[in-house]
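Visitor: Quick one: structure below, then a few questions.
The values are calculated or read from the model by the stated rules, or taken from the named source; none is laboratory data. On a predicted model such as this, the values are computed, not experimentally measured, just so you know. Neighbour counts are summed over all protein chains in view; Cβ atoms, including those assigned to glycine, are modelled from backbone coordinates with ideal geometry. We work out accessible area using only protein heavy atoms, side chains counted, and drop any ligands, DNA or RNA first. Shrake-Rupley method; radii C 1.70, N 1.55, O 1.52, S 1.80 Å.
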Amino acid sequence: MHARDLRQMHASQIFYALLVEPGISQREVCERTGYDKSTVSLIVNRLQELSIIERSQAKKSGQRGRPMESLRISEEGGLLIGVHMEFDCIRFVSSSLGGAVGHSKDFPLPTGPDATGETIRQGLALFCDEIGRDVSEIQSVGVSIPGQLDNDGKLVYSPNLHWRDVDLGAQMHEQIDGPLFLGNDTKAAALAEHYFGVARGIDDFLMVSGGVGFGGALFLGGELYRGSSGFAGEIGHTKVVRNGRLCGCGAEGCVAAYMTLPALLERAGAINSAAVTLDAIEARANQGDEQIADLLQESGELVGLAVSNAVNTLNPPVVILAGTLVKLWPFLDRGFHKALRANTLSAPLAQTEIRLSALGLDPLPRGGVALALQGLISLAGPTGLPSTQGD
């Protein structure tokens, strides 16, 4: 492994130990991570120089003698900005270094992909002015993109934005000074789950998320697995129906062709013209509409089939379901587990826990914040396009 990549991994895992267990000592960090004293001391000192962590003296309950030095993530001075490219707006979210969300504001989408960098630069200035902070206070910016993003920051395709082959990374770095990190929205959401959600403390998991798009992300050994070019984890394009519905990717029968929000609304609308929103679908199901209930059970089976293929292949200890899957879970649950039991090998199935995200339906998304935080703690700094930006 390259020395810089190794340093980034060490920094990430040391920071994560403090995030999961605030107030632990430097000695305890060594025990949690398995790193030697010199490595931990070097990185802790660097994180302190960057005002990412702070030291204090404290006695633990029931202990005598000299107070033990404790380490915590700094919550006061840090300012992270998460930028989330939605299908109808750009949402800016401010956060502390510990992930506590502060403010948010929506801005119009750029007039075209080539105006994205300038739009975000102007948005950062307006957003900071509104929350009473200066742009110079921003320590890191994370931009969450709904689409296939390679490791160099190039957007290959976004079906939601209808953008193709745009070098967003280069464009944004030309417009925005300071540390800036880009990532696919589902992978960024999985990183947020790892930092702040139900995947906290879990090193290996698969996340599947429904929304305007339908995607997935894979964590292995405490790190997001990107694949050779950054496209790993696209579970939404698992084929679940032979010669099925046409997907936005151009293929037929993908689970995304049935479970993106537009696809789900179209399918439900064909059954009941009143089912024009996700809330309306949920309401019809709660009111006992059998046809809508059957549709959702079938939908659960399709998701369960896609997940079963992933479980058979990857054997993850935890699968996290997020987004619309959480909102509709009472009606997807039965079909999902039916398909999972029918199609998953018994050994990996017995070892897999299904968890529902607590972050996925939050109106203030944290994926961009997680990207900003990961970039900051990598110690890479604003030198070109950091290797972390492909998340």
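Visitor: Taking the residues in region 241-280 that are open to solvent by less than 20 Å² (accessible area, probe 1.4 Å) and assigned to a loop (DSSP other than H, G, I, E, B) as candidates, determine which candidate is nearest to residue 209 (Cα to Cα).
Guide: For region 241-280, the residue satisfying everything is 255.
Visitor: Next up: Please work out if residue 379 is at pLDDT 85 or above, crowded, with 17+ Cβ neighbours inside 10 Å, out of contact with any Leu (no Cβ under 7 Å at 6 or more places or on another chain) and not in a helix (DSSP H, G or I).
Guide: No; evaluated as a whole, the condition is false for this residue.
Visitor: Something else about it: Which of the strands (runs of 3 or more DSSP E) contained wholly in region 72-130 include at least 2 residues that are among the aliphatic types (A, V, I, L, M)?
Guide: So the answer is 80-85, 90-95.
Visitor: When residue 133 is evaluated against the numbered criteria (1) part of a loop (DSSP other than H, G, I, E, B); (2) at pLDDT 90 or above; (3) open to solvent by less than 30 Å² (accessible area, probe 1.4 Å), which criterion, by number, is the only one it fails?
Guide: Condition (3) is where residue 133 drops out.
Visitor: Additional query: List the pairs whose first member sits in region 11-26 and is over 14 Å from residue 194 (Cα atoms) and of a type in the set (S, T, N, Q), whose second member is open to solvent by less than 20 Å² (accessible area, probe 1.4 Å) and in a helix (DSSP H, G or I), and whose Cβ atoms are under 9 Å apart, counting only residues at least 6 apart or on separate chains?
Guide: 26/40; 26/44
Visitor: Moving on. Restricting to region 108-130, name every residue that is open to solvent by less than 30 Å² (accessible area, probe 1.4 Å) and either of a type in the set (A, V, I, L, M, F, W, C) or closer than 23 Å to residue 76 by Cβ (or both).
Guide: Within region 108-130, 115, 120, 124, 127, 128 qualify.
Visitor: Okay, moving on. Can you tell me which residues in region 329-368 are modelled with pLDDT of 95 or more, over 16 Å from residue 208 (Cβ atoms) and of a type in the set (D, E, K, R)?
Guide: Residues satisfying the conditions are 334, 338, 341.
Visitor: Let me ask something else. Taking the condition of being open to solvent by less than 30 Å² (accessible area, probe 1.4 Å), under 23 Å from residue 191 (Cα atoms) and in a helix (DSSP H, G or I), how many residues in region 17-32 meet it?
Guide: 4
Visitor: Let me ask you something else. Are there any pairs with C-beta distances below 9 angstrom linking a residue in region 182-200 that is farther than 22 Å from residue 17 by Cβ to a residue that is part of a helix (DSSP H, G or I) and of a type in the set (Ser, Thr, Tyr), with the two at least 6 apart or on different chains, and if so which?
Guide: 183/388
Visitor: Within region 56-72, identify whether any single residue is within 27 Å of the chain's Cα centre (by Cα) and crowded, with 19+ Cβ neighbours inside 10 Å, and answer yes or no.
Guide: Yes, some residue in region 56-72 is within 27 Å of the chain's Cα centre (by Cα) and crowded, with 19+ Cβ neighbours inside 10 Å.
Visitor: Okay, moving on. Could you say whether any residue in region 188-206 is assigned to a loop (DSSP other than H, G, I, E, B), under 30 Å from residue 302 (Cα atoms) and acidic (Asp, Glu)?
Guide: Within region 188-206, one or more residues are assigned to a loop (DSSP other than H, G, I, E, B), under 30 Å from residue 302 (Cα atoms) and acidic (Asp, Glu).
Visitor: Have a look at 144, 96, 104 and point out the one that is polar (S, T, N, Q), in contact (Cβ under 8 Å) with a residue 40 or more places away in the chain and over 17 Å from residue 176 (Cα atoms). Break it down stepwise before answering.
Guide: Details: 144 fails: over 17 Å from residue 176 (Cα atoms); 96 fails: in contact (Cβ under 8 Å) with a residue 40 or more places away in the chain.
The match here is 104.
Visitor: Of everything in region 214-240 that's touching a helix residue (DSSP H, G or I) at 6+ places or on another chain (Cβ under 8 Å), assigned to a loop (DSSP other than H, G, I, E, B) and open to solvent by 30 Å² or more (accessible area, probe 1.4 Å), which residue is farthest from residue 186 (Cα to Cα)?
Guide: 238
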